[in-house]
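Visitor: Please see the structure below; I have some questions.
The values are calculated or read from the model by the stated rules, or taken from the named source; none is laboratory data. These numbers were taken from a predicted model, which means no experiment stands behind them. Glycine also receives a Cβ, built like all others from the backbone with ideal geometry; neighbour counts cover every protein chain displayed. In case anyone asks, the SASA skips ligands and DNA or RNA and just uses the protein heavy atoms, side chains included. Shrake-Rupley method; radii C 1.70, N 1.55, O 1.52, S 1.80 Å.
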Amino acid sequence: MKILAIDYGDARTGLAVCDKSEFLASPAGVISEWNTEKLIEKLVDAVKEQRAELIVLGYPKNMDGSVGERAQKCEKLAEVLTEKTGLTVKLWDERRTTVAAHDILNVTDVRGKKRKQVVDAVAAVLILEGYMAYRKANPDKI
């Protein structure tokens, strides 16, 4: 199944996609957009362009597992994306993915403007890889 992962941010939203066999997750770009309505339009276009069959949206719970303001924004975005695309949107716990993305970029020595341009896409890849691993390990719970 072709899955599109989204790392939703106020200024930049990272995208990642996997192949139909769910073997490989790859970055699919970063959308730089502050306006929520315009971002939604661009996300719907990305869903169509990637021919996604499922959307996984990073769900930034607080470290104690509670749902804060940012996670509530993601819940609302998930509802809108479901309505506009007709696809299922899975909220996926993304705690520490941005930190892990920065760690990966440190190891690969990506710095400055280049880092800002890719960190959200790398975080989206990590979200997607986590979800794909879960699907593989728990096929009965999908």
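Visitor: So for each of 12-20, 67-75, 123-131, 38-46 I average, over its residues, the number of other beta carbons within 10 Å; can you give me the resulting order with the highest mean first? Don't skip to the end; give the middle numbers.
Guide: Numbers: 12-20: 21.4, 67-75: 13.7, 123-131: 24.6, 38-46: 16.3.
Taking the mean over residues of other Cβ atoms within 10 Å, the ranking is 123-131, 12-20, 38-46, 67-75.
Visitor: Using a Förster radius of 25 Å, what is the FRET efficiency between THR88 and LEU24 based on their Cβ-Cβ separation? Nearest 0.05, please. Could you put the intermediate results ahead of the total?
Guide: Details: r = 21 Å, r/R0 = 0.86.
Computed FRET efficiency for THR88 and LEU24 comes out at 0.70.
Visitor: Averaged per residue, what accessible surface does the stretch 19-97 expose to a 1.4 Å probe, in Å²?
Guide: Values: 4930 Å² over 79 residues.
Heavy-atom SASA per residue in the stretch 19-97 reads 62 Å².
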